[in-house]
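First up is the structure itself, then whatever we jot down about it.
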Amino acid sequence: YSSPNLAKEMHIGHLRSTVIGDTVVRVLEYVGHNAIRVNHVGDWGAQFGSLLAYLEASAQTEQAQTAALSDLEKFYQEASARFKSDETFAATARQCVVDLQGGDPHLLALWRQFIETSLDHASKVYDLLNITLTRADVRAESAYNEALHPLVDRLRGEGLLVESDGAQCVFLDEFKGKDDQPLPAIVQKSDGGFPYLATDLAALDYRANTLHGHHLLYVVGASQSLHLKQAYAVARAGGLISDEVETRHLPFGLVLKADGTPFKTRDGADVKLIDVLKESVERAAALIAERSDDASPEQTKTISEVVGIGAIKYAELQKNRTTDYTFDWDTMLAFEGNTAPYLQYAYTRIASLLAKAERSPGDGVTVTHEAEQLLALKILQFDEAILTYLEDYQANVICQYLYELSGRFMSFYEQCPVLSAEESIMGSRLLLAKLTADTLVQGLDLLGIKTVERM
């Protein structure tokens, strides 16, 4: 999951894979699975020829090169424009690809510098977004280079390869194109190069037979559905993975602007994800300032980050994974409705209630009112919500549960006095409040969303 191309900084399009994928591993670990995180970053391919050629042409010293890469998005755009407008530069860039793949030590050193800078950019996003991916979880495309030629030989040995227009292809009956013509799965291009399919086949082999994964989950955009179906089918036909290994694509839709168009800048460039996250924190800070004037600057900073980042993640997870959704600041940062700020605020109210109590919660629940019964039953349904989530990895199931739990608590709080209750039932009601708070914290944590004690 996440798996950005390292040719440029992470953009808004990486939000869904990153947040959805991180929730998947959090829940899997919560129920006891050994979940192996895989950040299959794109660090190899033709685009790096342009970037390396531009890096060499634009700066000769290491200090100048580091400065040039400080704004990775700008660097990428300039290199791409140069490639399109300057044929001499384009020829140099293409040669850089050949030399890089051939192991040129100078270009490899530049390439490693570029990759490190790119991963640094990604790490900053992960830290701010509270994502559990680390450098140790990176297994890049380039890691499979040495496995590609043996892969082709293996598929040839299985009798699967057919040469078509110079390319090495696999034709399977289940894949048809226009006019019911066989659809090729290209494993090696006519120029000897390898497409993404070859790398993905090598990765499937590694994940099934080296990592010994039983369930291989791919949090990848819906547009890659055919590609992944072919990868899974070819891997099984070639004996790379056994029938005991489950392969599953968890597709997701696009992030759209209010006008229904893809989320881009005015000039058509991808919006940097780090900029979106920072803006959300700034907007949250303005809202917090309106609601509270007695928080210290340090408290305001912490609360703003928790609310701002939580709002973006929850707005993403609260939607059906497979559909497109509209990015709307006002909706996601609202303190009413099914939003992260609403749930975070609900938690702070319960925390405040428990802090004011002059006694500890009781050690059992005694139901004396219908609102108590409804709240207790909803608390008990947490496991059911988790199991339902695991059927199809739809995080909106967990979001809806937490929203309903908060609603049940509010009804309970309005109808059942707690701090002024008789001593015989106060402990029970305090325990219901504590169990609600604990469940909210646990549920939000599975979504990668933090809570604070005050807002």
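The values are calculated or read from the model by the stated rules, or taken from the named source; none is laboratory data. Note that this is a predicted model, so its numbers are computed, not measured. For neighbour counting, all protein chains shown are included, and Cβ atoms are generated from backbone atoms with ideal geometry for every residue, glycine included. Keep in mind that these areas ignore ligands, DNA and RNA; they rest on the heavy atoms of the full protein, side chains included. Shrake-Rupley method; radii C 1.70, N 1.55, O 1.52, S 1.80 Å.
Between the amide H of Gln188 and those of Gln168, distances stay under 5 Å, these residues lying 5 or more places away or on another chain, with hydrogens modeled in the peptide plane. Per residue, the accessible area of the chain comes to 48 Å², computed with a 1.4 Å probe over protein heavy atoms only.
Let's test the formula: R0 of 45 Å, r as the Cβ-Cβ distance of Ser85 and Ser411. What FRET efficiency results, to the nearest 0.05? My answer for the efficiency is 0.10. Here the range 162-211 is assigned +1 on the Cβ of each Lys and Arg and -1 on the Cβ of each Asp and Glu. Its dipole about the Cα centre then comes out at about 180 debye. Report, in degrees rounded to the nearest 10, the 0 to 90 angle that the Cα long axis of helix 382-392 makes with the longest principal axis of the chain. The helix 382-392 is inclined about 20 degrees to the chain.
Simple spin-label estimate for Ala237 and Asp445 gives 4.7 nm between the two label positions (7 Å along the Cα-to-Cβ direction from each Cα). Once the Cα atoms are used to define both axes, helix 196-209 deviates from the longest principal axis of the chain by about 60 degrees. Here the contact order of the chain, divided by its residue count and restricted to Cα pairs under 8 Å and six or more residues apart, works out to 15 percent.
Across the accessible surface of the chain, with the other protein chains kept in place and a 1.4 Å probe, carbon and sulfur atoms take up 49 percent. For Leu256, the residues 5 or more places off, or on other chains, whose built amide H falls under 5 Å of its own are Tyr325, Thr326, Phe327. If you wrap the Cα atoms of the chain in a convex hull and average its projected area over all directions, you get 26.8 nm². Rounding to the nearest 10 and keeping the result within 0 to 90°, find how far the Cα-based axis of helix 87-101 lies from the longest principal axis of the chain. With rounding to tens, the tilt is 80 degrees. Taking the helices alone, the chain has a mean residue ellipticity at 222 nm of -18500 deg cm²/dmol, built from -39,500 (n - 2.57) per DSSP H run of at least 4 residues and averaged over all its residues.
Here the range 72-133 and the range 176-238 have alpha carbon centers that stand 25 Å from each other.
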